[in-house]
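First comes the structure, then the notes that go with it.
Derivation of every value follows stated rules applied to the coordinates shown; laboratory data play no part. Source: prediction; values computed, not measured. Quick reminder, even Gly has a Cβ in these numbers, built from the backbone with ideal geometry, and neighbours come from all protein chains shown.
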Amino acid sequence: MTTNLSLRARLLFGILAPVALLIVINSVSLYRQSLAAATTAYDRTLLASAKTIGEQLDVEGYDERAELRAIVPYSALEAFEADNRSRLFYRVSTLQGEMISGFAELPFWHGRIPDRTPYAALVDFYDARFRDQPVRVAVLLQPVASARGRGMAVVQVAETLELRETLVRKLLLDTLWRQLLLMGVIAAVTVFVVQRATRPVRQLGEAIDRRAADDLSPIDAPDAPRELRPLIDATTEVMGRLQRLLDHQKRFVRDSAHQLRTPLAVLKAQVQSARRGDLAPEQALVEINQTVDRATALANQMLSLAKVEQLRQQPESVRLDLAEVARQIVLDLSPLIADKALDFELDADAPVPVRAHRWMLQELTRNLLHNAIKQSPAGGALSVAVRAEAGEAMLRVRDSGPGISAELRQRLFAPFSAGDSASGSGLGLAICREIVLALDGRIALDNRTGPDTRDNIAGLDAVVHLPLDRHTS
């Protein structure tokens, strides 16, 4: 019900609702206590009336033969009638119910005296109706003694409830308006405090709302309360990721436009040349096909580079066996290995668990192995090793190619920096680097030296280290 409420409304509701409930409970309790105290006070007055009547009794004879007489003028009860808003009625009877004096229509008492009473008398109180009016009745068992006898009288005094009801209403109204005043003061203080407490939230929201649409810089709120720091830090982190994603998209669009312009221009020139008849149709088609292949490979690698960044923003990954992925890629590229008659060796027998997206591991292994195949001479040596060492997962692709120069090493992982521009787009190693960084790993390209090789280089080792997944699945 409160899911769409503002923070201020939730705070106000969360504070005032329990306070209001406590005030209601306190009001009911206070009203009942006040009513019980008032009832006790009026009952004492009613008991005093009964005792006054009991003092006017006389007796002749003893016990069962006792004859009671009562001379009670009604004026004796006027002192107990307050403000003429209540009336008193009485009846004096024997224990057997025989009326001696008073109002005969007042029903005789048939109850019993409570075992424990707060009064020093044999008295009972009960509610009844008399002359179609609610009344409160006090019953007093009054011992009567004189020089001529001894007996027991039952004195009943009934009082109408006008005065009691007036007092009850006054108690209720007094309790309600005081509690409502208290509730109003608490509500006002709560609103003021909540307004002050939520002011930093509103100021922060206004500051973010005033920002330009492309402003994703960190949020500067040094005066924000400590409770807002996690929200500010998380928002800043999200804005930072968005900024990196936007920068990557801008760079991708810029690089795509720049890199695809050249093969499209070459393709257009080749088509025009073929239409003019500058080349034989078969030769023209071969050159056009080569240009289309290079453009297709470039587009595919650019899409792969964009997919790496997309997966980087999706941290959901699974437990994978790097050795199993390497065996699969080797099987996929085995026709290329066989075509160059390479002396190939695969060392990937033991499981090497890592946590990653399957596409990332496949693309990483495929690019490294494909580059190694291209750089290795026909009949040369090529090996792939996957193992766990020093607490990390290690993937090593070793070729027998010419290696890399020191100058090329500085820019080899940058996009569109190919070692051989005629045979590659320069994105393969850039894709590998982005994948390794996304998986919190590292990659290195190291020349392998040998005594009987030209320039003392026997080949290139591409070595990738990734975190091992030590959690059992």
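The length gained by stretching the chain between R470 and R112 to full extension, at 0.36 nm per residue less their Cα-Cα distance, is 120.5 nm. Could you name the aspartates and glutamates in cross-link range of K170, using Cα to Cα under 15 Å and dropping any fewer than eight places away on the same chain? Reachable aspartates and glutamates: E162. Computed extension gain for R148 through V19, at 0.36 nm per residue and net of the alpha carbon distance, reaches 39.7 nm.
By other beta-carbon atoms within 10 Å, ranking R210, R387, R398 with the fewest at the front produces R210, R387, R398. This ranking places E60, E159 by how few other beta-carbon atoms lie within 10 Å of each, fewest first, which gives E60, E159.
Against the empirical curve 2.2 N^0.38 Å, the C-alpha radius of gyration of the stretch 7-170 lands at a ratio of 1.42.
Counting only the Cα atoms, the stretch 83-215 fills a convex hull of 243 Å³ per residue. In the stretch 160-294, the inverse of the mean reciprocal separation of distinct Cα atoms equals 23.1 Å; this is its Kirkwood hydrodynamic radius.
Here the stretch 326-384 yields Rg over Rh of 0.99, to two decimals, using C-alpha coordinates and the Kirkwood radius.
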